[in-house]
Ligand code: DGP
């Protein structure tokens, strides 16, 4: 855990969130500023600042997060592929548009138009 990290505080339950999924190493919760009818974030519970900090030791964790995303997208109301589907985004660093420096995957979907994206 990292001091002053919003997502660490959410993982620890110190800041409330609308939970989508939780296991020993992954938490998913609704984005506070949704761009799309479905918009949730998936985070590793461990504090990894960004995708730029990922190494081979994280391959299993990231693989599990990616493999979980379609299941959670369907659970949250994304229609099936190909008519439905979803978008996965991971902003990385200032020029990548990252605002919260705890690795997270945005999962967005639902009927268009969306607010952004
Ligand atoms: P990014 O730009 O990729 O770092 O996006 C960070 C996202 O995190 C942004 O869409 C808003 C969301 N967010 C920021 N603070 C909170 C919070 O306290 N709770 C929740 N649920 N989402 C948050």
Query raised in the report: Within the bounds of the range 8-27, is there any residue that is touching a strand residue (DSSP E or B) at 6+ places or on another chain (Cβ under 9 Å), in contact (Cβ under 8 Å) with a residue 40 or more places away in the chain and surrounded by fewer than 17 Cβ atoms within 10 Å (Cβ to Cβ)?
Result: yes
Query - Given (1) farther than 15 Å from residue 100 by Cα; (2) in contact (Cβ under 8 Å) with a residue 12 or more places away in the chain, index of the condition residue 55 fails - result: (2)
Query raised in the report: Right, residue 93: without any contact (Cβ under 8 Å) to a residue 40 or more places away in the chain, surrounded by 12 or more Cβ atoms within 10 Å (Cβ to Cβ) and part of a loop (DSSP other than H, G, I, E, B) or not?
Result: no
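Computed from the coordinates by the stated procedures, all read-outs in this text should not be read as laboratory data. Computed from a prediction, not measured in an experiment: that's the story for all the values here. Reconstructed Cβ throughout: ideal geometry from the backbone, glycine too, with neighbour counts over all protein chains shown.
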